[in-house]
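As structure tokens, the structure follows; a few thoughts come after it.
Just so it is clear, none of the values below were taken in a lab; they were calculated from the coordinates. Being a predicted model, the structure only gives us computed values, none of them experimental. When we count neighbours, we look across all protein chains shown, and the Cβ atoms used for this are built from the backbone with ideal geometry, even at glycine.
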Amino acid sequence: MLITHTTDIENLDWAKTEGLLPAIVQDAFDGRVLMQAFMSREALEKTLESGSVTFWSRSRRQLWTKGETSGNTLALAAVHADCDRDCLLVMAVPSGPACHRNTDTCFDGDNNTQPQLAFLAGLERLIAQREIDRPEGSYTTRLFEAGIKRISQKVGEEGVETALAATSGDIEELANESADLLYHLLVLLRASGLTLADVTAVLQARHGGQ
């Protein structure tokens, strides 16, 4: 159940949990579970109205918008209720660490809590930052500075090498070349103004039409 307006809020089971619903916050970009807190009706309303994720502090007995003191905000992407309407899944885009310990998530072992395929999303994010910062000595920087023709050439080269590895039956080499191909493709997408989300949207549209 997607929560978008007042009617949806009224349909939640506030009575079961004495006016507070547990809210699990998930990174809308890479799927990591960032934190868990509680939302009152007022906190949820403010979240929907402002676009900034807001909770109810049980210790201070007041509303608190994530990042109001630390600056590490959560921009709302979507809110969903579970099947019993007594728990919320908040999908958000974090700006800075989600945890007060200055770690990305509130759960131990940040890297271990990341879905394995979500690493590609993290790599895309890093490549985007490399394009902006252009750190000296970075291979990614050199690719961006070489231009889109050179990046396209590298994608073509890695595609051929990947196919050759598959043809030869060298599974280890196939994995290595596939990694090179994916990396260079991400750089090419970034240089062309596209993202993994754009490619995924095309795949989803094709899948829906089958």
Read-out Rg/Rh (Cα atoms, Kirkwood Rh), candidates (1) 1.04; (2) 1.14; (3) 1.08; calculated match is (3)
From the Cα centre of the range 83-159 to that of the range 8-75, the distance in Å is 25
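So what is the 222 nm mean residue ellipticity for the chain from helices alone, if each DSSP H run of at least 4 adds -39500 (n - 2.57) and you divide by all residues, rounding to the nearest 500 deg cm²/dmol? Write out the running numbers ahead of the final one.
Working: 7 runs with 93 residues, N = 210.
The helix-only estimate for the chain comes to -14000 deg cm²/dmol at 222 nm.
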Hull volume per residue for the range 6-107, using the convex hull of the C-alpha atoms, in Å³ is 98
Karplus-derived 3J(HN,Hα) from phi for the range 191-197 (6.51 cos²θ - 1.76 cosθ + 1.60, θ = phi - 60°), whole Hz, x at Gly and Pro, runs 5, 9, x, 10, 10, 4, 4
Stretched fully, the stretch from PHE119 through LEU194 gains (0.36 nm per residue minus C-alpha distance, one decimal, in nm) 25.2 nm
In terms of the alpha carbon gyration tensor, root eigenvalues a ≥ b ≥ c, rounded if a/c is under 1.5 and otherwise prolate when a/b exceeds b/c or oblate, the range 116-208 is oblate
Result for the chain, cysteines with no Cys Cβ partner under 4.7 Å, is CYS83, CYS87
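Given Cα pairs under 8 Å that are at least 6 residues apart, what percent is the relative contact order of the chain?
On the way: 301 pairs, mean separation 33.2, N = 210.
Relative CO of the chain lands at 16 percent.
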Distance in nm between MET1 and LEU126 label points, each 7 Å along Cα→Cβ, equals 4.1
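Going highest first, how would you order 76-85, 1-10 by mean Cβ packing within 10 Å? Before the final figure, lay out each step's value.
Numbers: 76-85: 14.9, 1-10: 12.6.
Highest mean packing first, the order is 76-85, 1-10.
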With label points set 7 Å from each Cα along the Cα-to-Cβ direction at SER70 and SER95, the distance between them in nm comes to 1.5
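Report the gain in length on full extension from THR167 to GLN36: 0.36 nm times residue separation, minus Cα-Cα distance, nm rounded to one decimal. Walk me through the intermediate numbers first.
Values: separation 131, 0.36 × 131 = 47.16 nm, distance 4.79 nm.
So the chain would gain 42.4 nm between THR167 and GLN36.
Given Cα pairs under 8 Å that are at least 6 residues apart, what percent is the relative contact order of the range 116-208? It would help to have the intermediate numbers written out before the result.
Numbers: 59 pairs, mean separation 27.2, N = 93.
Once normalised by length, the contact order is 29 percent.
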